[in-house]
Structure formats: structure tokens, C-alpha cells
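Student: First the structure, which I've put down as C-alpha cells, then a few questions once you've had a look.
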Amino acid sequence: MQEEKKYYTIGQISKLYHIGADSIRYYEEKGLIVPKRSDSGYRLYMDTDIWCMNVIEEMRRLDISVDRIKKYLDDETLESSVSFFEEELAIINEKIKKLEDIKHEVEETISDLNSVNDLVLDEIKIVEYPERKYFAIFTKFTEEEEMDFLMKKVSELHSKGERIIGNNRMAAAFDLENEEGYNGVILYSNNGDNVSPKGKYLTISYSGSWKSREYAEKLVKYAGENGIKIDTRFVDRAWIDIHATSLFEDRVSRIEVRIIEE
């Protein structure tokens, strides 16, 4: 006498695996399990479905996608199983690498934001820089909103793009000899296609809203009083800007101009 097959309802499966009925229906929709139907149309699951559900549960715990699980179930041999999990290991290693990159970027952001504590406001200092490469877009603008747009464009010149928050390597370029406003934006980057010469730079940091020309004129006055010859081109580095704080009193910029040594 043939043994009667045992069937399970969707409610029993849901309770057994601690998942909602919608999830079970989704697995059915994706072809992972194929329940039978009773005369009244109810789903009935067999022991083979329990085996599939065990596989699904294990793989979902490993964060393997439903589409990848379907591929595994459709071609299940010892050889294909080893190959499948080798592929998964490669995917996991790539995710780890991406997470390490993200972690490094977040750590850099924290370090750059905290670096503002090393700046002394309203004090003129001479800073020596090595040769610095940079990207640039030279076009005139006057409003901060225009600078944000240009900053985004110049950051895209970098092969990976550049983070905006805490990036104190972005600056607005200007020249006191010309009319009000700025000549463009620059992004210091090792991949840049322009070069800023190494040497000593006259600098001053300030807080609040933009005061580029006011503080550049302080550098000009200081240079004149101390017999220092400086370039006519200035940059205002946005050390802490609107992307890091909405409070004007927290924003910090630094004016830099190259000292011309004879």
C-alpha cells in the first residue's frame, strides 16, 4: 500500500521558518519552490519544498540574493556547489574591499573636519608647501551657490569623484587686480593636470561668511610692511563650509598666496 504523502500549509511553513507568508509567495514567484494546490486552491508544500526552504534560509542568512539562490538550485552538483561558493567568496572579498575604502574615506573626513582645530584664526602665517597638483575650472562667479555647482563639476574631473564634506582641498581662485568676484575653482589632487609650485605661502584663516578680499588685502598689507613679494593670484580654501555646518560661525576659510622668492 502506497504511503500517503505529507503536505504542509503556508501557515505551517511560515511558522517553522519565522518568515511572513508574503516572503514564501515571493520565493514561489521567483521559482525557488513550487507548491502543489489543493482542490480548493490552497498551497500545499511537500518534503522537497522543506529541503528547498532549508537551502533558501541558509543562503539568505549568508546575504546571498534570491536570483543567485535560483541559479544554485537549478544546477546543484558537488562541482557546481564548490564553484558557486567560490564565486560568493570573491563577491564577499570585493564587498570587504569597498567597505574598507568607505571606512578610509570616513576616517579621512573626520580627520579633515578636526584639522580646523589646528588653524589659528586671524593670524598671518608662512606655510611651506611641496609641489601640489590640482584640477581647475576657470570661470567667473560671485555667489556661493555658483561655487557649489563648480565644485561639483571640478570634483568630477577626478577619476573617482571627490567627497564634498570635510574636503579642505577645494578653493576659490581670485585676483585683487580684477573686479569683484572669483576667477574659478580648484581642487588639489595627486591626479590633477595642473601644478602649483612648491615654496612658501602667506596664509591667514578666518571664520564666518566669505571675506576673501578683506583678508587678502591684510596679506598684501603685511607683505608690504615686511618686504615680502607675493603673487597676485590668491585662493580661498573652504576648510569648513556649508556642507559640514549650517552655522556661519562654524565655517572656516583660509586665504593663501605664494611668496615670490628672488
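Student: It is to be established whether one or more residues within segment 140-163 are under 16 Å from R254 (Cα atoms), touching a residue at least 12 places away in the same chain (Cβ under 8 Å) and hydroxyl-bearing (S, T, Y).
Tutor: Within segment 140-163 (the criterion being under 16 Å from R254 (Cα atoms), touching a residue at least 12 places away in the same chain (Cβ under 8 Å) and hydroxyl-bearing (S, T, Y)), the answer is no, since none of the residues qualifies.
Student: Please go through segment 202-220 and give me each residue that is at pLDDT 95 or above and within 18 Å of D231 (Cβ to Cβ), ordered by number.
Tutor: L202, T203, I204, Y215, A216, E217, K218, L219, V220 - these are the residues of segment 202-220 that are at pLDDT 95 or above and within 18 Å of D231 (Cβ to Cβ).
Student: Being in a strand (DSSP E or B) and over 30 Å from the mean Cα position of the chain (by Cα): is that true of K200 here?
Tutor: Yes; evaluated as a whole, the condition is true for this residue.
Student: Of these, D250, D231, D236, which one is among the charged types (D, E, K, R), without any contact (Cβ under 8 Å) to a residue 60 or more places away in the chain and under 20 Å from R132 (Cβ atoms)?
Tutor: Selected residue: D231, the only one of D250, D231, D236 that is among the charged types (D, E, K, R), without any contact (Cβ under 8 Å) to a residue 60 or more places away in the chain and under 20 Å from R132 (Cβ atoms).
Student: Do we have any residue at all in segment 175-183 that's farther than 30 Å from V106 by Cα, of a type outside the set (K, R), in a helix (DSSP H, G or I) and in contact (Cβ under 8 Å) with a residue 12 or more places away in the chain?
Tutor: no
Student: While we're here: Does K160 count as of a type outside the set (A, V, I, L, M, F, W, C), in the same structural domain as L219 (by TED's automatic domain parsing), at pLDDT below 85 and more than 14 Å from W239 (Cα to Cα)?
Tutor: yes
Student: May I pose another question? Please go through segment 184-198 and give me each residue that is under 24 Å from I228 (Cα atoms) and surrounded by 15 or more Cβ atoms within 10 Å (Cβ to Cβ), ordered by number.
Tutor: The answer is S196, and nothing else.
Student: Output the number of the condition that K36 fails; it satisfies all remaining conditions of (1) surrounded by 12 or more Cβ atoms within 10 Å (Cβ to Cβ); (2) out of contact with any strand residue (DSSP E or B) (no Cβ under 6 Å at 6 or more places or on another chain); (3) basic (K, R).
Tutor: The number of the failed condition is (2).
Student: Have a look at I92, I24, I102, I56 and point out the one that is within 40 Å of the chain's Cα centre (by Cα), under 30 Å from Y188 (Cβ atoms) and either among the hydroxyl-bearing types (S, T, Y) or in a helix (DSSP H, G or I) (or both).
Tutor: Among I92, I24, I102, I56, only I102 is within 40 Å of the chain's Cα centre (by Cα), under 30 Å from Y188 (Cβ atoms) and either among the hydroxyl-bearing types (S, T, Y) or in a helix (DSSP H, G or I) (or both).
Student: Tell me, please, whether a residue that is free of Cβ contacts under 8 Å to residues at least 12 places away in the same chain and either assigned to a strand (DSSP E or B) or more than 30 Å from D236 (Cβ to Cβ) (or both) can be found in segment 119-129.
Tutor: no
So that you can scan it fast, the table gives a plain yes or no per residue for (1) at pLDDT 95 or above; (2) within 30 Å of K200 (Cα to Cα); (3) β-branched (V, I, T):
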position	(1), (2), (3)
T77	no, no, yes
S81	no, no, no
K97	yes, no, no
T109	no, yes, yes
L113	no, yes, no
L119	no, yes, no
I126	yes, yes, yes
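Student: Out of everything in segment 208-229 that is surrounded by fewer than 19 Cβ atoms within 10 Å (Cβ to Cβ) and among the aliphatic types (A, V, I, L, M), what residue ends up being nearest to M170 (Cα to Cα)?
Tutor: Residue satisfying both the conditions and the ranking: V220.
The values are calculated or read from the model by the stated rules, or taken from the named source; none is laboratory data. No experiment lies behind these values; they were computed from the predicted model shown. Because the Cβ atoms are built from the backbone with ideal geometry, glycine has one as well, and the counts that use them run over all protein chains shown.
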